[in-house]
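Student: Quick one: structure below, then a few questions.
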Amino acid sequence: MMKTWISLPLIFLLIFLPFFLSQYWLHVMIISLFYVMMASSWNLIAGYTGQISFAHAAFAGVGAYVSGMLAVNIGIPPWLGIFVGTFVASLLGVGLGYLCIRMGGIYLSLTTLGFSEILRIIITNEDRWTRGTMGLQIPGFFTEYSKMSYYFLFLIVSAVFLFILYRLIHSEMGLSFRAVLNDELAAASSGIDTIRVRILAFTISSAMAGMAGGLYGHYLMLITPDIPSLGQMFLVLAMAVIGGMGSFIGPILGAFVLEVLSEYIRIYGEYHVLLFGLVALGVARFAPEGMVGVIKKRWKVKESP
Amino acid sequence: MAEFLMYFTNGLVIGVINAISAIGVSLIVGIMRVINFAHGELYIFAGYFSYHLSLTFGLSPILAMPLSVFFIFLIGILMERLLIRPTYGDEMYSLIITFVLSIVLQNSALLIFGPYPNKPPALISGSTQIFGLFHYGNQRLLSFGISIGILLFVFYLIKKTWFGKSVRAISQDREMASLMGIDHWRINMISFGLGAALAGSAGVIIAPIFPVTPTGSSAISLTAFVVVVLGGMGSLKGCVVGGLILGILENLGAAYVSTMYRHIFAFIILILVLVFRPWGLFGQKT
Amino acid sequence: MSRRILEGKGVAKSFGGLMALRQIDFVLEEGEIVGLIGPNGAGKTTLFNVVSGVYPPDRGELFFDGRLISSLKPYQICRLGIGRTFQIVRPFLKMTCLENILISLIGRGERGKTLEEKKKEAREFLEFVGLRNRENSLAKDLTLIEKKRLEVARALATKPKLLLLDEVLAGLNPSEILQALELIHVIRTQMKITIFWIEHVMGAIMKASDRIIVLDQGEKIKEGKPEEIVSDPRVIEAYLGESNA
C-alpha cells in the first residue's frame, strides 16, 4: 500500500515534469535516466551477488559502438542496432563471466578492469573505424530531433529495466543471488549452483549495460572513448554505493542525486569526480548501506522512540 | 641481431621492475585477500615525489628516491589502518574502496602535479657497450641493478625473517596462524605498507627512464595484476618469472608488432592464462 | 535389507604439508545413525567437507548410493541427497528464516512448483523445528539454538537421504540437548534419513548412535558399537593425549 502511495504521484511527476523543464534540464533528466539504468543493472551483480565488475561502462561502450558503427557503415537502423549491441555485450559478459567467476570474485574484478582499459585503447587507436578521441558521429533514433521524445524513450526503457530487475530480485533467482552473496559455501551446500547463478547475474547485467549504452550513444549522436572509460565506470559505481547497494531504490536515488549535483559542481570546474570519490569512500567506510540505509535508520528511530 | 638483443635487454630491465611492482600486489593479496586497485597511483605518486624532492626541493636523487618510497610506505600504512581494516573479510567492500581510492588519487594527482609527464633527474649519465654489440644507457643498467637488489632484499625478508615466516603462515592458513599466536593486524598493516613501498620503488626506479603521468596509472596496475595472475596468486617466484615474461614479450611486441598495442599483449596473456592455467604458473590449484 | 548408502575407500586429504586424512575406509548402511568422534584436529570436519564436496579428496573414492561422487561439486552432491550442517552455523544472515529454507527448496532444482507452493512447504519445515513464529525474522537476529534449528531445517529441506550433522549439540544446555536428540530421533525414524554426525557431547553420541567411528590424527583408529568404543584403550589414549596437551 505504502509503495503505491509513493509511486503513483512519482509516475505522474515523471510524465508531466518534462513539459515544465528547460531544454538544459530535460537533457540532465535524460542523462540521469541513463545512469538509473546503468547503476541499477550494476547493482544486480554488485549489490545482489557481491561481485564487482569494472566493465559495466565498457559494456555500455560496446553497445554504443556496435550499434553506432553498424548504423554508420552499413546503415542498420538504430532501433535494430541497439539490440545487436546488447547481444554482443551479453556474449562478452558470458565469456568473461565463464572465464573468471569460477576462479573467484577477485579475478572478475581484475579481468573486467583489464577489459575496460583494452577496449578504451582499441577504440582510441583504431581511429579509421571509431574516429578515436575525435568521436564518431552516429544517427539518432528520430528523424526530427526532439529532447522530449528522447526523454520519453529513456523513461520507458528505464521503467522496463526496473520492472525486470524488480521481478528478478523477488523471484527464486533473486533469492539465489542473495544466498550466494550471504554465504557462498552454505548456498552451494543447499544445492545452489553458485557459479551458474553468478554468471547469469553478470550476463543479465552486462546485457542491460549494452542496451543502456546503445540508447545513450544514439541520444548523444557523438560517441567517444569516454563512454567505456573507467571514469564513467566510477560514476556508476559511486551512484550505486552512495545511493545504497543491495537495495532497489538506492541506485535510482544515487543516479538522480549525483547527476544533478554534478551539474552544479561543474560550474566551478571538473571537481565532481574527486568530490564524489571522497563521499563514496566515506559512505563505503561508515554507511555501507548508503543513503537508503541512513534514511531507513532515521525512519526506524522516529517510529519507535 | 644487436637490435633484437637491445629490445630483449629492455624487456629484462622492465621485467624486473614489473616483478617488484607485482610483488607489491601479490603480498597484499596473499595475506589479506585484498586487491589494491590504487597500486598504479602509488607508483605514480612515488615518481612525482622523487621528481619534486629533487627538482623543487633540491635534494640529491640518491636521497629523494628512498625518501619518496618511505612516504609511499606511510601512505600505505594509513590506507590500511583507516580504510581497509574495517572491511577486513568483506572482499567486495575492499575492492570498492581501493578502486574509489585509485580514482581519488588519480584526480588528486591531476590537481596537484598537473597533466604533464615529469621525469626526475637521472642518477648517472652516459652509456656502456654491451658485449661489443650495442650501447645501453647507464641509467637503465643502474635501474636494473637496484631492482635486483630490491628483489633479493624482499626474498630475504620473506624467506629468512620473523616477519616473512608470519606472512607465509597467514598466506597458507589464516586460522592456523592466529592459533599460533600471530598478530595478524600488525602483519596486515606492515604488509600493506610494504606492498605500497614496492609500488613506490618501482615508480622511482622507472620515472627517470619513462616519465610518469597521472593517467598512466591504470595501465601500471593492469600490468602488475596480469603478472600476479600469470605467476600465480600469492607466489613470489611467480611474480619474478611472470614479470620477466611480460616485460620481454611487451618490449619485443612493441618493437616488432605495434607500440600502441603494448598493453593488449598483457590482456591477451591474461585471457590465455585464465583459459588454460587459471591458477597461474606457480600458483596452487584450488 | 540394508544397503550401503555411503562408502569411502582410501580417502586421503592434505593441506600444504599437513595430512588431514590418511587413507580412510568407511561404510554407512541405509537407516543407520553413525557417530564420528575424535580429538580436535583429528580430521572429522575435513571428512565431512570431502564427503559434501567442499574440496575433492587427494586420493581415494567416495560412493553415495552406488554412485561415484568424489569429483562432484557441492551443489551436485546436495542434489543427489546429502544434506549437511556446519560446525559454526552458516545461515544466510541477512535473509529471513523463511527465505533461508526456500533456498534449499530452490536448490533441489525441481520444476513445476510455484514460489507460493514452495513457501508453504518451507513453513512446514520451520514448523518441524519449532521456528514457525520466526519466519519473518532475519537469521542474524536468532539466538544460537534457534540458528542451529534453522541450520537443521535448511539441511532437511534439501530432501536428503543422508544427513551430515557437525556438532549440532555444542553450546546447548542439557534440556536443549534432550530436545535436539528427540528431533534427531524423529528425523531418523519418521523421515527415514540416515545420519552421520560429529559430536563432542560423549553421553549423547554414545546413547543415540548405532555405531561409532573414531578418528585420530587423520586415521581411523577404531570402529564399532558404542560400548566397544568406550572401553577401547586406543580411544582412551587418544582422548587422554588431548587433555594432556
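Student: Toward the positive end of the charge dipole of the range A:2-303, about the Cα centre and with charges on Cβ (Lys, Arg +1; Asp, Glu -1), which of A:VAL283, A:GLY210, A:VAL28 goes farthest?
Tutor: Highest projection toward the positive end goes to A:VAL283.
Student: Trypsin sites (Lys or Arg not before Pro), restricted to the range C:143-245: which are DSSP loop and have at most 15 other Cβ atoms within 10 Å?
Tutor: C:LYS192
Student: Also, I was wondering about something else. Using square roots of five times the C-alpha gyration tensor eigenvalues, list the equivalent-ellipsoid semi-axes of the range A:5-88 in whole Å, biggest first.
Tutor: In descending order, the three semi-axes are 27, 22, 11 Å.
Student: Let me ask you something else. Hey, with R₀ at 30 Å, roughly what FRET efficiency would C:GLN76 and C:ASN40 work out to, going by the Cβ-Cβ distance, to 0.05?
Tutor: 0.50
Student: Placing +1 at every Lys and Arg Cβ and -1 at every Asp and Glu Cβ, with all other atoms neutral, what dipole size does chain A have around its Cα centre, in debye to the nearest 20?
Tutor: Its charge dipole is roughly 560 debye.
Student: A follow-up question, please. Label 7 Å along Cα→Cβ of A:ARG285; the range B:88-119 residues with amide nitrogen under 17 Å?
Tutor: B:88-90, B:93-108
Student: Now a separate question. Chain pair B, A: how much accessible area is buried, both chains summed, with a 1.4 Å probe, in Å² to 100?
Tutor: 3600 Å²
Student: Please give the length that would be gained between C:ILE88 and C:VAL230 if that part of the chain were fully extended, namely 0.36 nm times their separation in residues minus their C-alpha to C-alpha distance (nm, one decimal).
Tutor: Extra length available between C:ILE88 and C:VAL230 comes to 48.4 nm.
Student: Taking R0 as 41 Å, what's the FRET efficiency between C:LEU68 and C:TYR239 from their Cβ-Cβ distance, rounded to 0.05?
Tutor: 0.75
Student: Placing unit charges on C-beta atoms (Lys and Arg positive, Asp and Glu negative, everything else neutral), compute the dipole magnitude of the range B:91-219 about its Cα centre in debye, rounded to 20.
Tutor: The calculated dipole for the range B:91-219 is roughly 320 debye.
Student: Still on this structure, I have one more. What order do you get for A:239-252, C:50-63 when each peptide is scored by the mean count of other beta carbon atoms within 10 Å, highest first?
Tutor: A:239-252, C:50-63
Student: Continuing with this model, one more query. In degrees, nearest 10, range 0 to 90: what is the angle between the Cα axis of helix B:236-256 and the longest Cα principal axis of chain B?
Tutor: The angle comes out at about 30 degrees.
Student: Sticking with this one: Keeping the other protein chains in place, figure out the carbon and sulfur percent of the accessible area of the range A:2-303, with a 1.4 Å probe.
Tutor: With neighbouring chains kept in place, the figure for the range A:2-303 is 71 percent.
Student: In a Gaussian network model over chain A where Cα atoms closer than 10 Å are linked, find which of A:THR130, A:THR224, A:THR143 has the largest mean-square fluctuation.
Tutor: Maximum among the listed residues: A:THR143.
Student: Another question, then. Okay, which of the range A:36-63 sit inside 19 Å, backbone N to the point 7 Å along the Cα-Cβ direction of A:THR124?
Tutor: A:54-62
Student: Distance cut-off 22 Å, Cα to Cα: go down the list A:LYS296/C:LYS148; C:LYS44/C:LYS222; A:LYS296/C:LYS94; A:LYS300/C:LYS94; C:LYS73/C:LYS159; C:LYS73/C:LYS148 and report the pairs above it.
Tutor: Check vs 22 Å cut-off fails for A:LYS296/C:LYS148; C:LYS73/C:LYS148.
Student: Once label points are set 7 Å from the Cα along Cα→Cβ at both A:THR133 and B:LEU142, what is their separation, rounded to one decimal in nm?
Tutor: If labels sit at A:THR133 and B:LEU142, their model points lie 3.3 nm apart.
Student: Using +1 at the Cβ of each Lys and Arg and -1 at the Cβ of each Asp and Glu in chain B, identify which of B:PHE113, B:GLY247, B:GLY47 lies farthest towards the dipole's positive end.
Tutor: B:GLY247
Student: Here's a follow-up. Counting only the heavy atoms of the protein chains, how much of B:LEU5 is accessible to a 1.4 Å probe, in Å² to the nearest 10?
Tutor: Accessible area of B:LEU5: about 50 Å².
Student: Residues of the range B:89-136 with accessible area at least 20 Å² lower in the all-protein-chain context than alone (1.4 Å probe)?
Tutor: B:GLU91, B:MET92, B:TYR93, B:LEU95, B:ILE96, B:ILE97, B:PHE99, B:VAL100, B:ILE103, B:VAL104, B:ASN107, B:LEU111
Student: At 1.4 Å probe radius, can you tell me the per residue accessible area of the range A:2-303 in Å²?
Tutor: Heavy-atom accessible area per residue stands at 42 Å².
Student: Based on the mean of other Cβ atoms within 10 Å per residue, sort peptides B:215-226, C:194-205 so the most packed one is first.
Tutor: Result, highest mean first: B:215-226, C:194-205.
Student: Here's another thing I want to ask about it. Across the Cα atoms of the protein assembly as shown, what radius of gyration and what greatest pairwise Cα-Cα distance (Dmax) are found, in Å?
Tutor: 29.6, 93
Student: Given charges of +1 on the Cβ of Lys and Arg and -1 on the Cβ of Asp and Glu, with all other atoms neutral, how large is the dipole of the protein assembly as shown about its Cα centre, in debye to the nearest 20?
Tutor: 160 debye
Student: Show C:VAL168, A:VAL160 ordered by accessible area, largest first, where the area counts protein heavy atoms only and the probe is 1.4 Å.
Tutor: A:VAL160, C:VAL168
Student: Oh, and also: Take the Cα gyration tensor of the range A:2-303, multiply each eigenvalue by 5, square-root it, and list the three semi-axes largest first, rounded to whole angstrom.
Tutor: Ellipsoid half-lengths, sorted descending, are 29, 25, 19 Å.
Student: Tell me, what is the Rg over Rh of the range B:20-214, with Rh the Kirkwood radius over Cα pairs?
Tutor: Reported Rg/Rh (Cα atoms, Kirkwood Rh): 1.02.
Student: Continuing with the same structure: Carbon and sulfur together cover what percent of the accessible area of chain C at a 1.4 Å probe radius?
Tutor: The value for chain C is 51 percent carbon and sulfur by accessible area.
Student: I would also like to ask the following. Per residue of A:274-282, how many C-beta atoms from partner chains lie within 10 Å of its own C-beta, taken as a mean?
Tutor: Across A:274-282, the average partner-chain Cβ count within 10 Å equals 5.
The values are calculated or read from the model by the stated rules, or taken from the named source; none is laboratory data. Quick caveat: nothing in here was measured; it's all calculated off a predicted structure. Backbone-built Cβ (ideal geometry, glycine too); neighbour counts: all protein chains shown. We work out accessible area using only protein heavy atoms, side chains counted, and drop any ligands, DNA or RNA first. Shrake-Rupley method; radii C 1.70, N 1.55, O 1.52, S 1.80 Å.
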